[in-house]
Amino acid sequence: MKKILLAVVLFSLPVFGEWIQNYTVDLAVEKTGYVTVTEKIDVFFDVSRHGIYRKIPYSYRLPTGERYKLRISLQEVLADGKAVPVLRTREGGDLVLRIGDPNGLVRGQVTYVIRYRVARALRTYGEEVELYWNAIGTEWELPIEHARVNVTLPQEVPEESVRALGYRGRLGGRSPFELSWSEGKLIGEADDLSPGEGITVAVRFPKTYVNLPGPWQGFLWFLDDNAYAGIPILVLLGMTVLWWYKGRDPRKGTIAPAFAPPKGIGPAEAGVLVDDRFDPRDLAAAMVGLAVKGHLRIREVWASEQGKEPDDFELVREEGKEPLSEFEKGLLEALLDGSEKRRLSELRYKLYAKVPGLAARVYMDLTEKGYYAGNPDRVRELYRGVGIGVVALGIALGVFTSSLYLGAAVVASGLIVLLFSRVMPRKTKKGMQVLREVLGLEEYIRRAEVERMEFSLAERHFEALLPYAMAFGLTDAWAKAFEGLVDRPPDWYEGRFPTFAPYWLGWRLVAFQHAARAAALSTPRSASPKGWSGGSGFGGGFSGGGMGGGGGGSW
(Lines give C-alpha, C1' and ligand atoms only; values in the text may rest on other atoms or scores of the structure.)
Protein backbone atom coordinates (compact mmCIF):
# COMPACT_ATOMS: atom_id res chain seq x y z
CA MET A 1 0.00 0.00 0.00
CA LYS A 2 2.85 2.37 0.91
CA LYS A 3 4.56 1.66 -2.43
CA ILE A 4 1.37 2.62 -4.26
CA LEU A 5 1.12 5.87 -2.30
CA LEU A 6 4.79 6.62 -2.99
CA ALA A 7 4.24 6.06 -6.70
CA VAL A 8 1.20 8.34 -6.64
CA VAL A 9 3.26 11.04 -4.94
CA LEU A 10 6.09 10.67 -7.44
CA PHE A 11 3.91 10.95 -10.51
CA SER A 12 1.42 13.50 -9.19
CA LEU A 13 4.16 15.89 -7.99
CA PRO A 14 6.62 16.20 -10.88
CA VAL A 15 8.34 18.96 -8.97
CA PHE A 16 10.52 16.20 -7.50
CA GLY A 17 11.95 15.48 -10.94
CA GLU A 18 14.05 12.60 -9.53
CA TRP A 19 14.20 9.93 -6.86
CA ILE A 20 16.61 7.34 -5.47
CA GLN A 21 15.91 3.85 -6.66
CA ASN A 22 18.55 2.08 -4.54
CA TYR A 23 20.76 3.39 -1.77
CA THR A 24 23.41 0.99 -0.47
CA VAL A 25 25.78 1.95 2.35
CA ASP A 26 28.80 -0.22 3.23
CA LEU A 27 30.42 0.54 6.58
CA ALA A 28 33.77 -1.21 6.92
CA VAL A 29 35.39 -0.95 10.36
CA GLU A 30 39.17 -1.30 10.06
CA LYS A 31 41.56 -2.68 12.69
CA THR A 32 43.22 0.74 12.69
CA GLY A 33 40.05 2.25 14.15
CA TYR A 34 39.11 4.02 10.91
CA VAL A 35 35.82 3.42 9.15
CA THR A 36 35.55 3.34 5.37
CA VAL A 37 32.12 4.39 4.11
CA THR A 38 31.01 3.50 0.59
CA GLU A 39 27.71 4.89 -0.62
CA LYS A 40 26.21 3.56 -3.84
CA ILE A 41 23.27 5.70 -4.91
CA ASP A 42 21.10 4.90 -7.97
CA VAL A 43 19.34 8.13 -8.86
CA PHE A 44 16.64 8.42 -11.53
CA PHE A 45 16.42 11.89 -13.06
CA ASP A 46 13.03 12.50 -14.63
CA VAL A 47 14.24 15.89 -15.80
CA SER A 48 17.68 17.05 -16.86
CA ARG A 49 20.06 17.88 -13.99
CA HIS A 50 23.77 18.48 -13.54
CA GLY A 51 23.98 15.83 -10.83
CA ILE A 52 23.53 15.54 -7.08
CA TYR A 53 24.96 17.16 -4.00
CA ARG A 54 25.79 15.33 -0.80
CA LYS A 55 26.07 16.87 2.68
CA ILE A 56 28.10 14.86 5.20
CA PRO A 57 28.17 16.24 8.77
CA TYR A 58 31.60 16.20 10.41
CA SER A 59 31.31 18.67 13.31
CA TYR A 60 29.21 17.99 16.41
CA ARG A 61 28.62 19.70 19.73
CA LEU A 62 28.50 17.45 22.78
CA PRO A 63 26.20 18.15 25.75
CA THR A 64 29.23 19.43 27.70
CA GLY A 65 29.81 22.06 25.01
CA GLU A 66 32.87 20.29 23.61
CA ARG A 67 33.24 20.43 19.82
CA TYR A 68 33.84 16.97 18.31
CA LYS A 69 34.92 16.71 14.68
CA LEU A 70 35.33 13.72 12.42
CA ARG A 71 38.34 13.55 10.12
CA ILE A 72 36.95 12.71 6.68
CA SER A 73 39.22 11.79 3.81
CA LEU A 74 37.43 11.60 0.45
CA GLN A 75 38.71 8.56 -1.50
CA GLU A 76 36.77 8.63 -4.77
CA VAL A 77 33.56 9.81 -6.39
CA LEU A 78 32.22 8.06 -9.50
CA ALA A 79 29.22 8.45 -11.79
CA ASP A 80 28.36 5.29 -13.75
CA GLY A 81 31.81 3.93 -12.93
CA LYS A 82 33.73 6.96 -14.20
CA ALA A 83 35.36 9.91 -12.47
CA VAL A 84 33.15 12.94 -12.25
CA PRO A 85 33.85 16.60 -11.32
CA VAL A 86 33.36 17.27 -7.59
CA LEU A 87 33.27 20.66 -5.91
CA ARG A 88 34.13 20.32 -2.22
CA THR A 89 33.13 22.99 0.30
CA ARG A 90 32.43 23.18 4.02
CA GLU A 91 29.26 24.78 5.28
CA GLY A 92 28.11 24.92 8.90
CA GLY A 93 29.84 21.73 10.00
CA ASP A 94 29.00 19.80 6.80
CA LEU A 95 31.32 18.57 4.07
CA VAL A 96 29.35 19.46 0.92
CA LEU A 97 30.08 17.57 -2.29
CA ARG A 98 28.58 19.04 -5.47
CA ILE A 99 28.86 16.14 -7.88
CA GLY A 100 28.44 16.58 -11.62
CA ASP A 101 29.57 18.59 -14.61
CA PRO A 102 28.41 22.23 -14.37
CA ASN A 103 28.59 22.36 -18.19
CA GLY A 104 26.70 19.13 -18.77
CA LEU A 105 23.33 17.58 -17.95
CA VAL A 106 22.21 14.05 -17.15
CA ARG A 107 18.86 12.33 -17.36
CA GLY A 108 17.53 8.90 -16.55
CA GLN A 109 19.34 6.55 -14.15
CA VAL A 110 22.82 7.43 -12.91
CA THR A 111 24.74 5.39 -10.36
CA TYR A 112 26.91 7.43 -8.02
CA VAL A 113 29.59 5.94 -5.78
CA ILE A 114 31.00 8.03 -2.93
CA ARG A 115 33.80 6.51 -0.85
CA TYR A 116 35.40 8.21 2.13
CA ARG A 117 37.45 7.23 5.17
CA VAL A 118 36.55 8.49 8.64
CA ALA A 119 38.63 8.85 11.80
CA ARG A 120 36.98 9.23 15.25
CA ALA A 121 33.78 7.46 14.20
CA LEU A 122 34.31 4.86 16.95
CA ARG A 123 33.65 5.81 20.54
CA THR A 124 34.80 3.89 23.63
CA TYR A 125 32.35 2.70 26.28
CA GLY A 126 34.16 0.75 28.97
CA GLU A 127 35.63 -2.35 27.34
CA GLU A 128 33.65 -1.89 24.14
CA VAL A 129 33.70 0.42 21.15
CA GLU A 130 30.62 1.60 19.34
CA LEU A 131 29.86 2.71 15.82
CA TYR A 132 26.77 4.91 16.10
CA TRP A 133 26.25 6.02 12.53
CA ASN A 134 23.50 7.59 10.47
CA ALA A 135 23.90 5.34 7.44
CA ILE A 136 21.25 7.32 5.58
CA GLY A 137 20.70 10.81 6.87
CA THR A 138 17.36 12.43 7.60
CA GLU A 139 18.09 15.46 5.39
CA TRP A 140 17.65 13.87 1.97
CA GLU A 141 15.25 15.79 -0.27
CA LEU A 142 14.62 12.74 -2.47
CA PRO A 143 12.44 9.70 -1.71
CA ILE A 144 14.23 6.37 -1.53
CA GLU A 145 12.61 3.23 -2.92
CA HIS A 146 15.04 0.73 -1.44
CA ALA A 147 17.86 1.06 1.11
CA ARG A 148 20.45 -1.42 2.32
CA VAL A 149 23.12 -1.12 5.02
CA ASN A 150 26.09 -3.49 5.32
CA VAL A 151 28.40 -3.37 8.35
CA THR A 152 31.72 -5.23 8.12
CA LEU A 153 33.86 -5.70 11.24
CA PRO A 154 37.43 -6.97 11.49
CA GLN A 155 37.51 -10.70 10.75
CA GLU A 156 38.72 -11.54 14.26
CA VAL A 157 35.59 -10.19 15.94
CA PRO A 158 33.34 -13.13 17.03
CA GLU A 159 29.69 -12.64 16.06
CA GLU A 160 28.54 -13.58 19.56
CA SER A 161 30.52 -10.63 21.03
CA VAL A 162 28.70 -8.09 18.84
CA ARG A 163 25.60 -6.15 19.84
CA ALA A 164 23.66 -4.30 17.17
CA LEU A 165 20.60 -2.06 17.02
CA GLY A 166 18.99 -0.08 14.21
CA TYR A 167 16.47 2.74 13.90
CA ARG A 168 14.55 4.20 10.98
CA GLY A 169 12.27 7.15 10.39
CA ARG A 170 12.44 10.88 10.81
CA LEU A 171 14.84 12.59 13.19
CA GLY A 172 14.15 11.26 16.68
CA GLY A 173 12.19 8.24 15.44
CA ARG A 174 12.65 4.90 17.20
CA SER A 175 11.07 2.50 14.70
CA PRO A 176 13.32 -0.58 14.58
CA PHE A 177 15.62 -1.33 11.66
CA GLU A 178 16.48 -5.00 11.77
CA LEU A 179 20.12 -6.08 11.41
CA SER A 180 21.12 -9.70 10.93
CA TRP A 181 24.26 -11.66 10.11
CA SER A 182 24.81 -12.84 6.54
CA GLU A 183 28.10 -13.84 4.93
CA GLY A 184 30.08 -12.37 7.81
CA LYS A 185 28.31 -9.00 7.67
CA LEU A 186 25.54 -7.28 9.53
CA ILE A 187 22.88 -6.50 6.93
CA GLY A 188 19.64 -4.54 7.08
CA GLU A 189 17.18 -3.43 4.39
CA ALA A 190 14.24 -1.07 4.19
CA ASP A 191 11.82 0.13 1.51
CA ASP A 192 10.01 3.34 0.79
CA LEU A 193 11.80 6.04 2.77
CA SER A 194 10.13 9.40 2.28
CA PRO A 195 12.17 12.64 2.14
CA GLY A 196 13.40 13.38 5.68
CA GLU A 197 13.44 9.71 6.75
CA GLY A 198 16.74 7.96 7.47
CA ILE A 199 18.44 4.89 8.92
CA THR A 200 20.78 4.78 11.93
CA VAL A 201 22.78 1.79 13.15
CA ALA A 202 24.55 1.23 16.49
CA VAL A 203 27.10 -1.60 16.64
CA ARG A 204 29.19 -2.50 19.70
CA PHE A 205 32.04 -4.99 20.05
CA PRO A 206 35.13 -5.49 22.30
CA LYS A 207 37.71 -2.77 21.83
CA THR A 208 40.58 -5.25 21.83
CA TYR A 209 39.95 -5.91 18.14
CA VAL A 210 40.77 -2.38 16.99
CA ASN A 211 43.71 -0.04 17.56
CA LEU A 212 42.19 3.26 18.56
CA PRO A 213 44.24 6.49 18.49
CA GLY A 214 46.21 7.07 21.69
CA PRO A 215 45.53 9.74 24.34
CA TRP A 216 48.06 12.14 22.84
CA GLN A 217 46.41 12.03 19.42
CA GLY A 218 43.03 12.47 21.08
CA PHE A 219 44.35 15.49 22.98
CA LEU A 220 45.71 17.05 19.79
CA TRP A 221 42.38 16.51 18.05
CA PHE A 222 40.59 18.03 21.03
CA LEU A 223 42.79 21.14 20.85
CA ASP A 224 42.27 21.35 17.10
CA ASP A 225 38.49 21.10 17.49
CA ASN A 226 38.28 23.39 20.50
CA ALA A 227 40.67 26.27 20.01
CA TYR A 228 39.61 27.81 23.32
CA ALA A 229 41.17 24.82 25.11
CA GLY A 230 44.51 26.38 24.25
CA ILE A 231 43.64 29.59 26.11
CA PRO A 232 45.14 28.37 29.44
CA ILE A 233 48.33 27.36 27.63
CA LEU A 234 48.62 30.81 26.08
CA VAL A 235 47.88 32.45 29.43
CA LEU A 236 50.52 30.27 31.10
CA LEU A 237 53.08 31.26 28.47
CA GLY A 238 52.04 34.92 28.71
CA MET A 239 52.27 34.99 32.50
CA THR A 240 55.63 33.23 32.37
CA VAL A 241 56.97 35.91 30.01
CA LEU A 242 55.43 38.65 32.17
CA TRP A 243 57.00 37.18 35.30
CA TRP A 244 60.37 36.88 33.54
CA TYR A 245 60.44 40.58 32.67
CA LYS A 246 58.30 42.12 35.44
CA GLY A 247 58.22 39.74 38.42
CA ARG A 248 61.53 37.92 38.47
CA ASP A 249 63.98 39.10 41.08
CA PRO A 250 67.57 39.89 40.10
CA ARG A 251 69.99 37.05 40.79
CA LYS A 252 70.88 36.55 44.44
CA GLY A 253 74.53 35.84 43.86
CA THR A 254 76.75 34.42 46.59
CA ILE A 255 75.34 34.27 50.11
CA ALA A 256 77.89 34.77 52.89
CA PRO A 257 76.99 34.34 56.60
CA ALA A 258 76.26 37.68 58.31
CA PHE A 259 76.57 38.20 62.08
CA ALA A 260 74.11 41.12 62.29
CA PRO A 261 70.94 42.21 60.49
CA PRO A 262 71.09 44.91 57.79
CA LYS A 263 70.71 48.43 59.13
CA GLY A 264 67.08 49.51 59.40
CA ILE A 265 65.72 45.98 58.85
CA GLY A 266 63.71 44.63 61.78
CA PRO A 267 62.60 41.01 62.20
CA ALA A 268 59.26 41.60 60.43
CA GLU A 269 60.95 43.30 57.48
CA ALA A 270 63.48 40.47 57.28
CA GLY A 271 60.68 37.90 57.17
CA VAL A 272 58.90 39.83 54.41
CA LEU A 273 62.05 40.13 52.31
CA VAL A 274 62.55 36.35 52.42
CA ASP A 275 59.12 35.40 51.04
CA ASP A 276 57.54 38.74 49.99
CA ARG A 277 54.78 38.19 52.54
CA PHE A 278 53.79 39.49 55.97
CA ASP A 279 52.47 36.54 57.97
CA PRO A 280 51.68 35.78 61.64
CA ARG A 281 55.23 34.51 62.21
CA ASP A 282 56.57 37.93 61.22
CA LEU A 283 54.04 39.56 63.53
CA ALA A 284 55.11 37.44 66.52
CA ALA A 285 58.78 38.08 65.76
CA ALA A 286 58.10 41.84 65.68
CA MET A 287 56.36 41.61 69.07
CA VAL A 288 59.45 39.97 70.58
CA GLY A 289 61.50 42.62 68.78
CA LEU A 290 59.56 45.30 70.72
CA ALA A 291 60.43 43.47 73.92
CA VAL A 292 64.12 43.24 73.02
CA LYS A 293 64.12 47.01 72.41
CA GLY A 294 62.67 47.54 75.90
CA HIS A 295 59.16 48.72 74.95
CA LEU A 296 57.31 45.57 75.96
CA ARG A 297 57.45 42.92 78.67
CA ILE A 298 56.10 39.45 78.01
CA ARG A 299 54.66 37.71 81.06
CA GLU A 300 53.43 34.13 81.25
CA VAL A 301 49.93 33.47 82.63
CA TRP A 302 49.29 30.09 84.29
CA ALA A 303 45.88 28.76 85.29
CA SER A 304 47.28 25.91 87.37
CA GLU A 305 50.56 24.64 88.80
CA GLN A 306 50.39 21.37 86.85
CA GLY A 307 50.31 22.84 83.36
CA LYS A 308 53.08 22.03 80.87
CA GLU A 309 52.98 25.40 79.13
CA PRO A 310 51.43 28.80 79.83
CA ASP A 311 47.69 29.23 79.32
CA ASP A 312 48.13 32.79 78.12
CA PHE A 313 50.62 35.61 77.76
CA GLU A 314 50.36 39.14 79.05
CA LEU A 315 51.93 42.10 77.27
CA VAL A 316 53.05 44.95 79.53
CA ARG A 317 54.09 48.38 78.29
CA GLU A 318 57.63 49.48 79.16
CA GLU A 319 59.46 52.76 78.66
CA GLY A 320 62.12 51.70 76.22
CA LYS A 321 64.83 54.00 74.97
CA GLU A 322 65.63 52.47 71.59
CA PRO A 323 63.85 54.24 68.70
CA LEU A 324 60.99 52.47 66.93
CA SER A 325 60.08 52.43 63.26
CA GLU A 326 56.64 53.61 62.14
CA PHE A 327 55.58 49.99 61.80
CA GLU A 328 56.76 49.15 65.33
CA LYS A 329 54.93 52.17 66.77
CA GLY A 330 51.76 51.06 65.02
CA LEU A 331 52.22 47.50 66.26
CA LEU A 332 52.69 48.63 69.88
CA GLU A 333 49.46 50.66 69.77
CA ALA A 334 47.57 47.83 68.04
CA LEU A 335 48.61 45.47 70.84
CA LEU A 336 47.96 47.70 73.86
CA ASP A 337 45.44 50.18 72.43
CA GLY A 338 46.37 52.86 75.02
CA SER A 339 46.35 50.52 78.02
CA GLU A 340 49.34 49.52 80.11
CA LYS A 341 48.91 45.78 79.77
CA ARG A 342 46.85 43.30 77.80
CA ARG A 343 46.60 39.56 77.40
CA LEU A 344 46.92 37.90 74.00
CA SER A 345 43.58 36.16 74.57
CA GLU A 346 41.94 39.61 74.79
CA LEU A 347 43.22 40.40 71.28
CA ARG A 348 41.21 37.63 69.68
CA TYR A 349 38.52 38.94 67.32
CA LYS A 350 40.14 42.39 67.57
CA LEU A 351 43.70 42.20 66.29
CA TYR A 352 42.64 40.75 62.90
CA ALA A 353 41.28 44.17 61.90
CA LYS A 354 44.66 45.82 62.54
CA VAL A 355 46.81 43.25 60.71
CA PRO A 356 46.14 44.50 57.13
CA GLY A 357 47.17 48.02 58.13
CA LEU A 358 50.33 46.75 59.82
CA ALA A 359 51.20 44.69 56.76
CA ALA A 360 50.62 47.70 54.50
CA ARG A 361 52.99 49.74 56.66
CA VAL A 362 55.78 47.16 56.29
CA TYR A 363 55.26 46.91 52.53
CA MET A 364 55.22 50.69 52.18
CA ASP A 365 58.41 51.11 54.21
CA LEU A 366 60.29 48.53 52.15
CA THR A 367 59.04 50.06 48.88
CA GLU A 368 59.92 53.61 49.94
CA LYS A 369 63.42 52.44 50.82
CA GLY A 370 63.80 51.22 47.24
CA TYR A 371 63.83 47.51 47.97
CA TYR A 372 60.79 46.71 45.79
CA ALA A 373 59.83 47.97 42.34
CA GLY A 374 56.25 48.26 43.56
CA ASN A 375 54.32 47.64 46.76
CA PRO A 376 54.29 43.80 46.97
CA ASP A 377 50.79 43.67 48.43
CA ARG A 378 49.33 45.94 45.74
CA VAL A 379 51.09 43.98 42.99
CA ARG A 380 49.62 40.74 44.34
CA GLU A 381 46.19 42.33 44.70
CA LEU A 382 46.30 43.58 41.11
CA TYR A 383 46.98 40.14 39.66
CA ARG A 384 44.69 38.48 42.17
CA GLY A 385 41.86 40.79 41.12
CA VAL A 386 42.47 40.02 37.45
CA GLY A 387 42.55 36.30 38.20
CA ILE A 388 39.30 36.37 40.19
CA GLY A 389 37.65 38.41 37.44
CA VAL A 390 38.70 35.89 34.79
CA VAL A 391 37.42 33.01 36.94
CA ALA A 392 34.04 34.75 37.28
CA LEU A 393 33.99 35.38 33.53
CA GLY A 394 34.67 31.69 32.89
CA ILE A 395 31.78 30.63 35.12
CA ALA A 396 29.45 33.08 33.36
CA LEU A 397 30.56 31.91 29.91
CA GLY A 398 30.09 28.28 30.91
CA VAL A 399 26.53 29.01 32.05
CA PHE A 400 25.40 31.28 29.22
CA THR A 401 27.00 29.29 26.39
CA SER A 402 26.19 25.88 27.94
CA SER A 403 29.81 24.96 27.28
CA LEU A 404 31.49 23.24 30.18
CA TYR A 405 34.83 23.15 28.36
CA LEU A 406 34.82 26.82 27.39
CA GLY A 407 33.98 27.80 30.94
CA ALA A 408 36.63 25.45 32.34
CA ALA A 409 39.28 26.83 29.96
CA VAL A 410 38.63 30.42 31.03
CA VAL A 411 38.42 29.47 34.72
CA ALA A 412 41.75 27.62 34.40
CA SER A 413 43.25 30.77 32.86
CA GLY A 414 42.07 32.81 35.85
CA LEU A 415 43.53 30.27 38.26
CA ILE A 416 46.88 30.51 36.46
CA VAL A 417 46.87 34.29 36.96
CA LEU A 418 46.00 33.74 40.64
CA LEU A 419 48.92 31.35 41.08
CA PHE A 420 51.32 33.80 39.45
CA SER A 421 50.06 36.63 41.68
CA ARG A 422 52.12 35.15 44.53
CA VAL A 423 55.43 35.55 42.68
CA MET A 424 54.87 38.82 40.81
CA PRO A 425 56.26 41.24 43.46
CA ARG A 426 59.75 42.14 42.26
CA LYS A 427 62.75 43.30 44.26
CA THR A 428 65.16 45.90 42.94
CA LYS A 429 68.94 45.42 42.80
CA LYS A 430 69.11 47.34 46.07
CA GLY A 431 66.50 45.02 47.52
CA MET A 432 68.48 41.96 46.43
CA GLN A 433 71.57 43.34 48.12
CA VAL A 434 69.65 43.63 51.39
CA LEU A 435 68.09 40.18 50.85
CA ARG A 436 71.58 38.70 50.49
CA GLU A 437 72.45 40.16 53.89
CA VAL A 438 69.20 38.83 55.38
CA LEU A 439 69.82 35.36 53.95
CA GLY A 440 73.38 35.56 55.26
CA LEU A 441 71.94 36.24 58.71
CA GLU A 442 69.56 33.32 58.34
CA GLU A 443 72.48 31.07 57.40
CA TYR A 444 74.45 32.26 60.43
CA ILE A 445 71.51 31.60 62.77
CA ARG A 446 71.00 28.17 61.20
CA ARG A 447 74.65 27.26 61.81
CA ALA A 448 74.70 29.01 65.22
CA GLU A 449 78.48 28.77 65.61
CA VAL A 450 78.67 30.46 69.04
CA GLU A 451 80.48 27.87 71.16
CA ARG A 452 83.52 30.08 71.82
CA MET A 453 81.58 33.27 72.51
CA GLU A 454 82.30 35.01 75.81
CA PHE A 455 79.60 34.71 78.46
CA SER A 456 79.01 38.48 78.67
CA LEU A 457 78.60 38.78 74.92
CA ALA A 458 76.53 35.63 74.52
CA GLU A 459 73.57 36.96 76.47
CA ARG A 460 73.28 40.16 74.44
CA HIS A 461 73.88 38.35 71.15
CA PHE A 462 71.29 35.69 71.97
CA GLU A 463 68.61 38.29 72.70
CA ALA A 464 69.45 40.58 69.79
CA LEU A 465 69.02 37.89 67.13
CA LEU A 466 66.23 35.92 68.83
CA PRO A 467 63.41 37.84 67.04
CA TYR A 468 65.10 37.19 63.67
CA ALA A 469 65.42 33.50 64.50
CA MET A 470 61.66 33.50 65.12
CA ALA A 471 61.02 35.22 61.78
CA PHE A 472 63.14 32.57 60.01
CA GLY A 473 61.51 29.67 61.87
CA LEU A 474 64.79 28.81 63.63
CA THR A 475 63.85 29.52 67.25
CA ASP A 476 64.71 26.03 68.52
CA ALA A 477 68.05 25.87 66.70
CA TRP A 478 69.10 29.29 67.99
CA ALA A 479 68.08 28.52 71.58
CA LYS A 480 69.85 25.14 71.66
CA ALA A 481 73.07 26.73 70.42
CA PHE A 482 73.31 28.80 73.62
CA GLU A 483 73.02 25.92 76.07
CA GLY A 484 75.62 26.59 78.76
CA LEU A 485 76.24 30.15 77.55
CA VAL A 486 73.05 31.82 78.85
CA ASP A 487 71.84 30.92 82.34
CA ARG A 488 68.98 33.35 82.99
CA PRO A 489 65.95 34.60 81.06
CA PRO A 490 65.99 38.05 79.43
CA ASP A 491 64.82 41.00 81.53
CA TRP A 492 61.82 41.44 79.24
CA TYR A 493 60.47 37.91 79.81
CA GLU A 494 58.80 36.71 82.99
CA GLY A 495 58.16 32.99 83.13
CA ARG A 496 58.10 29.97 85.36
CA PHE A 497 61.10 27.72 84.75
CA PRO A 498 62.17 24.74 86.89
CA THR A 499 65.76 25.62 85.99
CA PHE A 500 66.42 28.09 83.24
CA ALA A 501 67.94 27.03 79.92
CA PRO A 502 67.74 28.77 76.55
CA TYR A 503 65.92 25.71 75.24
CA TRP A 504 63.06 26.33 77.71
CA LEU A 505 62.77 29.93 76.57
CA GLY A 506 62.75 28.86 72.93
CA TRP A 507 59.95 26.38 73.67
CA ARG A 508 57.89 29.05 75.46
CA LEU A 509 58.42 31.52 72.62
CA VAL A 510 57.12 28.94 70.17
CA ALA A 511 53.99 28.72 72.34
CA PHE A 512 53.89 32.53 72.38
CA GLN A 513 54.14 32.50 68.59
CA HIS A 514 51.16 30.13 68.34
CA ALA A 515 49.12 32.30 70.70
CA ALA A 516 49.99 35.42 68.69
CA ARG A 517 48.98 33.65 65.49
CA ALA A 518 45.62 32.68 67.01
CA ALA A 519 45.05 36.28 68.09
CA ALA A 520 45.91 37.64 64.64
CA LEU A 521 43.78 35.17 62.69
CA SER A 522 40.70 34.91 64.91
CA THR A 523 37.81 36.66 63.16
CA PRO A 524 34.13 36.88 64.14
CA ARG A 525 31.74 35.06 61.85
CA SER A 526 30.22 38.35 60.72
CA ALA A 527 33.60 39.33 59.26
CA SER A 528 34.00 36.18 57.12
CA PRO A 529 33.64 36.66 53.31
CA LYS A 530 30.28 35.26 51.78
CA GLY A 531 23.66 17.53 16.48
CA TRP A 532 25.04 14.33 17.58
CA SER A 533 23.77 13.81 21.00
CA GLY A 534 27.23 12.69 22.05
CA GLY A 535 25.57 9.67 23.56
CA SER A 536 25.24 6.03 22.69
CA GLY A 537 22.94 4.19 20.34
CA PHE A 538 22.12 1.78 23.17
CA GLY A 539 19.50 2.76 25.68
CA GLY A 540 18.78 6.12 24.10
CA GLY A 541 19.40 5.87 20.37
CA PHE A 542 17.12 7.11 17.62
CA SER A 543 17.02 7.76 13.92
CA GLY A 544 19.45 10.56 13.08
CA GLY A 545 21.07 10.42 16.53
CA GLY A 546 24.49 9.18 15.45
CA MET A 547 27.37 10.63 13.49
CA GLY A 548 27.45 10.79 9.73
CA GLY A 549 24.18 11.00 7.86
CA GLY A 550 23.27 14.39 6.50
CA GLY A 551 21.44 14.40 3.21
CA GLY A 552 21.45 15.69 -0.31
CA GLY A 553 19.47 16.42 -3.41
CA SER A 554 19.87 17.32 -7.07
CA TRP A 555 21.18 20.42 -8.75
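The values are calculated or read from the model by the stated rules, or taken from the named source; none is laboratory data. Keep in mind the model is a prediction, meaning the values are calculated, not measured. Here Cβ is always computed from backbone atoms with ideal geometry, including for glycine, and neighbour counts include all displayed protein chains. Ligands, DNA and RNA are excluded from the accessible area calculation, which covers all protein heavy atoms including side chains. Shrake-Rupley method; radii C 1.70, N 1.55, O 1.52, S 1.80 Å.
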Filtering the range 18-45 down to residues that are closer than 30 Å to Gly230 by Cβ and open to solvent by 40 Å² or more (accessible area, probe 1.4 Å) yields Thr32, Tyr34
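Rundown of residues vs (1) more than 30 Å from Val157 (Cβ to Cβ); (2) modelled with pLDDT of 90 or more, yes/no style:
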position: Gly93; (1), (2): yes, no
position: Val96; (1), (2): yes, yes
position: Arg117; (1), (2): no, yes
position: Leu122; (1), (2): no, yes
position: Glu127; (1), (2): no, yes
position: Glu130; (1), (2): no, yes
position: Trp133; (1), (2): no, yes
position: Ile136; (1), (2): no, yes
position: Leu142; (1), (2): yes, yes
Problem - Test: residue in the range 302-310 that is at pLDDT 90 or above and either farther than 20 Å from Arg426 by Cα or crowded, with 22+ Cβ neighbours inside 10 Å (or both) - result: no
Conditions (1) under 30 Å from Val113 (Cβ atoms); (2) modelled with pLDDT under 80; (3) open to solvent by less than 50 Å² (accessible area, probe 1.4 Å) -> Gly531 fails only (3)
Across the range 262-295, the tally of residues that are among the small types (Gly, Ala, Ser) and assigned to a loop (DSSP other than H, G, I, E, B) stands at 3
Restricting attention to the range 167-202, the residues that are at pLDDT 90 or above and either under 19 Å from Thr36 (Cα atoms) or among the hydrophobic types (A, V, I, L, M, F, W, C) (or both) number exactly 13
Only unsatisfied item for Lys321, checking (1) loosely packed, with under 13 Cβ neighbours inside 10 Å; (2) touching a helix residue (DSSP H, G or I) at 6+ places or on another chain (Cβ under 7 Å); (3) closer than 29 Å to Ala360 by Cβ, is (2)
Answer with yes or no whether Arg488 is of a type in the set (Lys, Arg), part of a loop (DSSP other than H, G, I, E, B) and open to solvent by less than 80 Å² (accessible area, probe 1.4 Å). no
Among the residues of the range 491-528, the number that are under 17 Å from Met287 (Cβ atoms) and either part of a loop (DSSP other than H, G, I, E, B) or not hydrophobic (A, V, I, L, M, F, W, C) (or both) is 11
Query raised in the report: Would you say Glu127 is within 22 Å of Phe542 (Cα to Cα), of a type outside the set (A, V, I, L, M, F, W, C) and open to solvent by 50 Å² or more (accessible area, probe 1.4 Å)?
Result: no
With criteria (1) open to solvent by 20 Å² or more (accessible area, probe 1.4 Å); (2) at pLDDT 90 or above; (3) farther than 25 Å from Val379 by Cβ, Leu296 comes up short on (1)
Within the range 35-63, the count of residues that are of a type in the set (Phe, Trp, Tyr) and under 50 Å from the mean Cα position of the chain (by Cα) comes to 3
Listed by range, strands (runs of 3 or more DSSP E) wholly within the range 146-232 having at least 1 residues that are open to solvent by less than 40 Å² (accessible area, probe 1.4 Å) and under 26 Å from Glu127 (Cβ atoms) are 163-169, 185-193, 198-206
Residue hits (the range 249-260; open to solvent by less than 80 Å² (accessible area, probe 1.4 Å) and within 18 Å of Asp276 (Cβ to Cβ)) are Asp249, Pro250, Ile255
Only unsatisfied item for Glu454, checking (1) at pLDDT 90 or above; (2) among the acidic types (Asp, Glu); (3) open to solvent by 30 Å² or more (accessible area, probe 1.4 Å), is (1)
Residue pairs qualifying under the 7 Å Cβ cut-off, at least six apart or on distinct chains, with the first in the range 121-138 being farther than 26 Å from Pro195 by Cβ and the second being assigned to a loop (DSSP other than H, G, I, E, B) and modelled with pLDDT of 90 or more, are Leu122/Gly33; Leu122/Val210; Val129/Val210
Taking first residues from the range 46-68 that are open to solvent by less than 20 Å² (accessible area, probe 1.4 Å) and at pLDDT 90 or above and second residues anywhere that are assigned to a loop (DSSP other than H, G, I, E, B) and hydroxyl-bearing (Ser, Thr, Tyr), the pairs with Cβ under 9 Å that are 6 or more apart or on different chains are none
